[in-house]
1. Quick query: amide H of Ser105 versus all other amide H atoms, modeled in the peptide plane; which residues come in under 5 Å with a sequence gap of 5 or more or a different chain?
2. Per 0.36 nm of contour for each residue apart, how much would the distance between Arg41 and Thr101 grow if the chain were fully extended, relative to their Cα-Cα spacing?
3. In what sequence, highest mean first, do 100-107, 57-64, 24-31, 87-94 appear when ranked by Cβ atoms within 10 angstrom?
4. Under the Karplus relation 6.51 cos²θ - 1.76 cosθ + 1.60, θ = phi - 60°, what is the ordered set of whole-Hz ³J(HN,Hα) values for the stretch 87-98, x standing for Gly and Pro?
5. Placing one identical point scatterer on every Cα of the chain and ignoring solvent, what is log10 I(q)/I(0) from the Debye formula at q = 0.14 Å⁻¹?
Amino acid sequence: MAAVDDDATSARFEPCRDDAGECVLHVAGEVDLSNAPQLRRAIESMRVANPARLVLDVRELTFMDSSGLAVLLQAAAKLDALVLRHAQSSIIRLIETTGVTSVLSVEP
């Protein structure tokens, strides 16, 4: 799968599989209203494989607003599990503050 990288949006979405064979989407940069549709398309393209769970490696995600969070919540509703891996404290704070910890799992 090809990476989606648009300099105008300051975000990068790279789909791959990890060593355990799980579907992983690396999300880097800032996710906001300007590029939330690209995140949605990247997630949808990975859903085609019908993974048991989709892992978003967000170690390089520096900012996400409510539009990015909405994309994640919509995706979580369509998947058995959506997991955020390696989230920075600002992303964890967003998830906790909005009260969606029961929907979005965070792993180290």
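Readers should treat all values here as calculations from the given coordinates under stated rules, not as data from a laboratory. What you see is a predicted model; the values in this text were computed from it and never measured. Cβ atoms come from the backbone with ideal geometry, glycine included; neighbour counts cover every protein chain shown.
1. Sorted by chain and number, the residues that satisfy this are Leu82, Leu84.
2. Length gained, Arg41 through Thr101: 19.3 nm.
3. On the way: 100-107: 13.2, 57-64: 18.4, 24-31: 20.9, 87-94: 15.5.
Ranking, from highest mean packing down: 24-31, 57-64, 87-94, 100-107.
4. 6, 6, 4, 5, 6, 4, 4, 4, 5, 5, 5, 7
5. Debye output, listed in q order: -0.47.
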